[in-house]
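Asks: My questions all concern the structure below.
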Amino acid sequence: MRTFAVLTILTCLLLTLRVVEKNYRSAQSDFIPAEKSAQSNHPEQTGISGLSEVTFHTSNGLKIAGWYAPPSNHAAIVLIPGSNVDRSFILPEARILAHAGFGVLSFDWPGSGDSEGKVRWGKDERLALTAAIDWLSNRNEIDPQRIGGLGHSMGGYIMTQVAASDPRIRSVLLAATPPDFIEYVRWTHRDWSILSQLPAELAVRNAGFIQDAPTPKESVKSISPRPIFFIGGDHDPQVPEAMFRELFNAAAEPKSLWIVPGAEHGGYSKMAADTYPARLVEFFSRTLSN
């Protein structure tokens, strides 16, 4: 009987350690630098006329690498992806907007792709987005009063924080954006309650995440009266509809929401091929008009 009890205790301990380790490592994945994809090496193969590789620097000296195609309508959009991917992830949206005449600028986050730095989802990422807006604002072919922003997932997280205090971003599209990073971490590691959530939270803090700015659900209201378009998927396992609606509800008018049927964490151009391009173009054409 004593042997059985000891084996049971050991089994429980091993299971606990396995759950802790699995969730710790899983939470760390959002801070793993994304390698430059093969597609990012060939902007000439993207189908976007005039797309070329560019670099610019943040105010603290990091070199940021990206793609840029000039506009034919003097308006431009800065497009930023989420974690674990480089600039090519946002290519479907860049292609749609470029074909509609908008200038497009997408870039690799600090520490990912060809950009310098480390992945932290904090100050350096905000400085990178600010530097992108600076770079666009100084282009002769762009009207600095006609710059919009599109952010996916953690890209939307940073977009919300920057747009709240930078009025140069005249309209914002947020896709699959979590209202709070720690809330997002707790949700994605909820299976074993506190046993999986605590190591996940410890992992992101050990990775260097510091909540040194208002969360999106705190800052999004400050974007008003500039318009915001929220897009999410009703099958998103990472930022579920209820969480995404929390962010939408925190925003002030003018705002609009589209939950794409059948969509998960992105991939809207595939799930809504007939309507997604038109909605993107309509939103930015209306909000960045002369």
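None of the figures in this text is laboratory data; all of them are computed from the coordinates on show. As the structure is a prediction and not an experimental result, all values here were calculated from the model. Every residue, glycine among them, receives a Cβ derived from its backbone with ideal geometry; neighbour counts consider all protein chains shown.
Asks: Out of G113, G61, G233, any idea which swings most in a Gaussian network model of the chain, alpha carbons joined below 10 Å?
Replies: G61
Asks: Continuing with the same structure: With +1 on each Lys and Arg Cβ and -1 on each Asp and Glu Cβ, how big is the dipole of the chain about its Cα centre, in debye rounded to the nearest 20?
Replies: Charge dipole, the chain, about its Cα centre: 380 debye, nearest 20.
Asks: In whole Å, what is the distance between the alpha-carbon centres of the range 244-272 and the range 133-209?
Replies: Using only Cα atoms to place each centre, the spacing works out to 15 Å.
Asks: Does the chain come out rounded, prolate or oblate, given a ≥ b ≥ c as the square roots of the eigenvalues of its C-alpha gyration tensor, rounded meaning a/c under 1.5 and, failing that, prolate meaning a/b above b/c?
Replies: Since a/c reaches 1.5 and a/b is larger than b/c, the shape of the chain is classed as prolate.
Asks: For the Cα atoms of the chain, what angle does the longest principal axis make with the long axis of helix 276-287, in degrees from 0 to 90, nearest 10?
Replies: Computed tilt is about 60 degrees.
Asks: In addition: Rounded to the nearest 20 debye, what is the charge dipole size of the range 117-184 about its Cα centre when +1 sits on each Lys and Arg Cβ and -1 on each Asp and Glu Cβ?
Replies: Roughly 100 debye for the range 117-184.
Asks: Considering only the other residues whose Cβ falls under 15 Å of the Cβ of G148, what net charge follows from Lys and Arg at +1 and Asp and Glu at -1?
Replies: So the environment of G148 carries a net charge of +4.
Asks: Further question: For every other residue with a beta carbon closer than 13 angstrom to the beta carbon of W67, add +1 if it is Lys or Arg and -1 if Asp or Glu, then tell me the sum.
Replies: -3
Asks: Net charge around T215, counting only other residues with Cβ within less than 9 Å of its Cβ (Lys, Arg = +1; Asp, Glu = -1)?
Replies: Summing Lys/Arg as +1 and Asp/Glu as -1 gives -2.
Asks: Can you sort V85, V281, V162 from fewest to most other Cβ atoms within 10 Å of each residue's own Cβ?
Replies: Listing V85, V281, V162 from fewest to most nearby Cβ atoms yields V281, V85, V162.
Asks: Follow-up question, since we're still on this one. With unit charges on the beta carbon (Lys/Arg positive, Asp/Glu negative), name the residue among Y184, I147, N60 whose Cα is farthest towards the positive pole of the charge dipole of the chain.
Replies: Sorting the options by dipole projection puts first Y184.
Asks: K217: which lysines have alpha carbons under 19 Å from its alpha carbon, excluding same-chain residues fewer than 8 sequence positions away?
Replies: K123, K255
Asks: Just to check I understand the Karplus step: with θ = phi - 60° and J = 6.51 cos²θ - 1.76 cosθ + 1.60, what whole-Hz values come out for the range 68-76, glycine and proline as x?
Replies: The phi angles translate into 8, 10, x, x, 10, 10, 6, 10, 9 Hz.
Asks: Still on this structure, I have one more. Under a point-charge model restricted to the Cβ atoms of Lys and Arg (+1) and Asp and Glu (-1), what is the dipole moment magnitude of the range 71-160 relative to its Cα centre, in debye to the nearest 20?
Replies: I would put it at about 160 debye.
Asks: Using only DSSP helix segments of four residues or longer, with each worth -39500 (n - 2.57), what per-residue ellipticity at 222 nm results for the chain after dividing by its residue count and rounding to 500?
Replies: -12000 deg cm²/dmol
Asks: Suppose the chain between Q45 and I194 were pulled fully straight at 0.36 nm per residue; how much longer would it get relative to their current alpha carbon spacing?
Replies: Gain on stretching Q45 to I194: 48.9 nm.
Asks: Now, a different point. What spacing in nm lies between the two simple spin-label points modelled at D166 and C12, each 7 Å away from Cα in the Cβ direction?
Replies: Using points 7 Å along Cα→Cβ, the separation is 5.2 nm.
Asks: In whole Å, what are the extents of the range 38-163 along the principal axes defined by its C-alpha atoms, from largest to smallest?
Replies: Taking max minus min along each principal axis of the Cα atoms, the range 38-163 gives 35, 33, 24 Å.
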